[in-house]
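The block underneath contains the structure these notes are about, expressed in C-alpha cells.
The values are calculated or read from the model by the stated rules, or taken from the named source; none is laboratory data. Values in this document were obtained by computation on a predicted structure and should not be read as measured data. Positions of Cβ are generated from backbone atoms using ideal geometry, with glycine treated the same way; all protein chains shown enter the neighbour counts.
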Amino acid sequence: METQRLFIVLAVICAFALPCSVPALTQTTDAGKAPATSEALQNAIHDYILANPEVLIESLRRAKARAEQRQTELIKSRIIALGKSLVDDANAPILGNPKGDVTLVEFFDYRCPYCRQVEPWVQTLLKEDPGVRLVEKEFPILGPASIYAAHVALAAWKQGKHTAFRNALMAKEGNMDERSIHEDLVLQVAKSVGLDMDRMKVDMTRSDVEGEIQGDMRIAQLLGLTGTPAFIIGAELVPGATDLATLRAMVDDARHGHLN
C-alpha cells in the first residue's frame, strides 16, 4: 500500500511540477503491453488528490517559490549588468555625499503619495549617515504633471539647485491631481529656491533631459518596476514603500559586504 501511495505521489508531482516528463509515464519497455498510465491509475490519482489536497497545494506552493526565486535572480543579474547606468549616471541628480561609500538608488515620482511617505526616512538616513550617496532616478508614471515636474527637477540639477528644489517640492502641500494647478505649484517652488526661470524653461526641453527620463523609464521596465518608490542597493531591489529600519539595514549590509 505504501509503495502504491508513493507511486501516486510521484505521479502527481510529475504531472504538476515536471510537465515535460509526463510522457515518460505512458511508455513501457515492452511495446506489446498497454501504457502504464491506465484509466485506473488516473482515477487513483484523482481520488488521492481529493483525499489529500495538501499534496497539490504544497506542489503549487513550491512551484511558485521556485518561480519567484528565478525572477529574483533575473532581476539581480540585470541590476549588475546595468551597474554603471544606475550608480554612475552623470545626468542623474545626487543627494547626500557624492563621494559616499554606499550608493542607494531611488526610482520615484514627485506626485507619488508613497514617495512622500518615505521621504522623511530618506532625509533622516542622509542626515545621520554621511557615507550615503543617493542617486535619484526619475520615474514619472502618474501622468503629465509628473513628467513636467521631472523635467523641471533635471533643469534645476543643471543649475546646482536640484536638492533645494526637490526638498521644497516634496514638502509642498497642494493639488497634485490637476495638471495646470500642479504646474503652477512646481513653478512657484522653482522660483522660491532661486532658479533662473528663463534658463530653466530652456534646459527642461533639452534632449539630454528628455533622454535621461526615457533612459530611467527603460531601466525601470527592465527591472519590472510598476510603481514608486523603488530602492536599489548593491544587487538588491526593494520595490514599494519601506521604512527607515530597512534602509539602515540595507546600507549596513552593503557597507560590510553582505549584499551581492
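Brief remarks on what is shown
- Those residues of the range 36-64 which are among the basic types (K, R) and touching a residue at least 12 places away in the same chain (Cβ under 8 Å), in sequence order: R62
- Total residues in the range 204-237, condition out of contact with any Gly (no Cβ under 8 Å at 6 or more places or on another chain) and surrounded by 16 or more Cβ atoms within 10 Å (Cβ to Cβ): 19
- Of all residues in the range 36-68, those that are surrounded by fewer than 11 Cβ atoms within 10 Å (Cβ to Cβ) and either polar (S, T, N, Q) or not in a helix (DSSP H, G or I) (or both) total 1.
- Just one residue in the set L74, L126, L25 is modelled with pLDDT under 80 and over 20 Å from the mean Cα position of the chain (by Cα); that residue is L25.
- Residues (more than 13 Å from L134 (Cβ to Cβ), among the hydrophobic types (A, V, I, L, M, F, W, C) and within 19 Å of the chain's Cα centre (by Cα)) located in the range 90-114: C112
- For the range 80-137, a residue qualifies if it is polar (S, T, N, Q) and surrounded by fewer than 19 Cβ atoms within 10 Å (Cβ to Cβ), and the qualifying residues are S85, N91, N97, Q117, Q123, T124.
- A63 falls short on exactly one of the conditions (1) at pLDDT below 50; (2) closer than 30 Å to F231 by Cβ, and that condition is (1).
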